[in-house]
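Engineer: Here's a structure for you.
The values are calculated or read from the model by the stated rules, or taken from the named source; none is laboratory data. Fair warning: this is a prediction, and the values are worked out from it, not measured in the lab. Don't worry about glycine lacking a Cβ; one is built from the backbone with ideal geometry, like all the others, and counts go over all protein chains shown. SASA here: full protein model, heavy atoms, side chains in, ligands and nucleic acids out. Shrake-Rupley method; radii C 1.70, N 1.55, O 1.52, S 1.80 Å.
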Amino acid sequence: MTKVLSPRSAAKRAAILDAAQGCFCEQGYAATSMDMVAASAGVSKATIYAHFANKDDLFGAIICRRCDDQAEGLGGLVLAAKGDGGTALTAIARVLMDLFLAPEVMALYRVVVAESPRHPDLARIYYEQGPWRGKQRVAEALAALDRQGQLVVPDPWQATDLFVNMLRGEVFHRALLGLEPAERPTAETTIAESVRVMLAAYGRPG
């Protein structure tokens, strides 16, 4: 059962997470210490350990919070797109693209990629709390569209994998590497083409 925090304790926890995210993104995972996070958050190190068991737990909570921020929106998109699979897919794709290109998400992703050879547990935490949970939400949305008769999706997880990887194309990789955006494809043309391919594969016949 999730522990209910008092408003004061919840505010401290949020401040710790904000400070830790800034430290991880600016200094890297290995160089960030709990002392550094405590100083940035304006709390004692004992206060951090009252909320988080260790640095891995703290990093996992950051990823989990970011994913939770998107989960409700993804679930609501299906309900808002009744009777039109293309509209639903486009709305989901826009939420995903905004998530993929968000500067804070990019920064955390770079930290994990840089540290994963030395800290495989960090990569596992990131994958389980971030991409896996996010893909699970999208798969649930596609399954709901299938049940509503808007799409035909025999394997929602496989369809999600294809959809996500189409969206994480050139636009995403140029942003990840800090390169200037190309004239084409743009985020919008990537979304439109990904939705077109999904409808060709999973749209209702006739």
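Engineer: Normalised by the residues of the chain, what does the relative contact order come to in percent, with Cα pairs under 8 Å and at least six apart?
Structural biologist: RCO, the chain: 21 percent.
Engineer: Given a 10 angstrom Cα cut-off, can you work out which residue in 50, 187, 114 is the most mobile in a GNM of the chain?
Structural biologist: Its mean-square fluctuation being the largest, the pick is 50.
Engineer: Return the calculated 222 nm mean residue ellipticity for the chain, to the nearest 500 deg cm²/dmol, obtained by summing -39500 (n - 2.57) across DSSP H runs with n ≥ 4 and dividing by the residue count. Walk me through the numbers on the way to the answer.
Structural biologist: Numbers: 11 runs with 154 residues, N = 206.
The per-residue figure over the chain is -24000 deg cm²/dmol.
Engineer: Here is a further query. Tell me, what ³J(HN,Hα) does each residue in region 21-37 have, in order and in whole Hz, if you take phi through Karplus 6.51 cos²θ - 1.76 cosθ + 1.60 with θ = phi - 60° and put x for Gly and Pro?
Structural biologist: Going residue by residue, I get 4, x, 5, 4, 6, 8, 9, x, 5, 4, 7, 7, 10, 5, 4, 5, 5 Hz, with x marking Gly and Pro.
Engineer: Which one of 101, 47, 122 is farthest out on the positive end of the charge dipole of the chain, using unit charges on Cβ (Lys, Arg +1; Asp, Glu -1) and the Cα centre as origin?
Structural biologist: Ranked along the dipole, the leading option is 47.
Engineer: With an 8 Å cut-off on Cα pairs and a minimum separation of 6 or more residues, tell me the relative contact order of region 95-169 in percent.
Structural biologist: 28 percent
Engineer: Still on this structure, please answer the following. Can you give me the accessible area per residue for the chain, using a 1.4 Å probe, in Å²?
Structural biologist: Computed with neighbouring chains in place, this is 53 Å² per residue.
Engineer: Another question, if that's okay. Could you pull out which residues in region 98-133 have an amide N less than 16 Å from a spot 7 Å beyond the Cα of residue 186, following the Cα-Cβ vector?
Structural biologist: 98
Engineer: Which shape class applies to region 112-206: rounded if a/c is under 1.5, otherwise prolate when a/b exceeds b/c and oblate if not, where a ≥ b ≥ c are the square roots of the Cα gyration tensor eigenvalues?
Structural biologist: Oblate, since a/c reaches 1.5 and b/c is not below a/b.
Engineer: Using the crude model of +1 on Lys and Arg Cβ and -1 on Asp and Glu Cβ, and no other charge, please compute the dipole size for region 113-200 relative to its Cα centre, in debye to 20. Mind showing how you got there, number by number?
Structural biologist: Values: 10 positive and 12 negative charges, 28 e Å.
Charge dipole, region 113-200, about its Cα centre: 140 debye, nearest 20.
Engineer: From largest accessible area down, sort 110, 133, 8; use a 1.4 Å probe on the protein chains.
Structural biologist: Values: 110 100, 133 65, 8 175 Å².
These residues rank, largest area first, as 8, 110, 133.
Engineer: Let me ask something else. Using r as the Cβ-Cβ distance of residue 10 and residue 124, and R0 as 22 Å, what FRET efficiency do you calculate, to the nearest 0.05?
Structural biologist: Plugging the Cβ-Cβ distance into 1/(1 + (r/R0)^6) gives 0.20.
Engineer: Dipole of the chain (Lys/Arg Cβ +1, Asp/Glu Cβ -1, origin at the Cα centre): which of 159, 31, 9 lies farthest to the positive side?
Structural biologist: My answer, from the dipole projection, is 9.
Engineer: So if I take the centroid of the Cα atoms in region 157-188 and the same for region 115-143, what is the distance between those two points in Å?
Structural biologist: The distance from the Cα centre of region 157-188 to that of region 115-143 comes to 18 Å.
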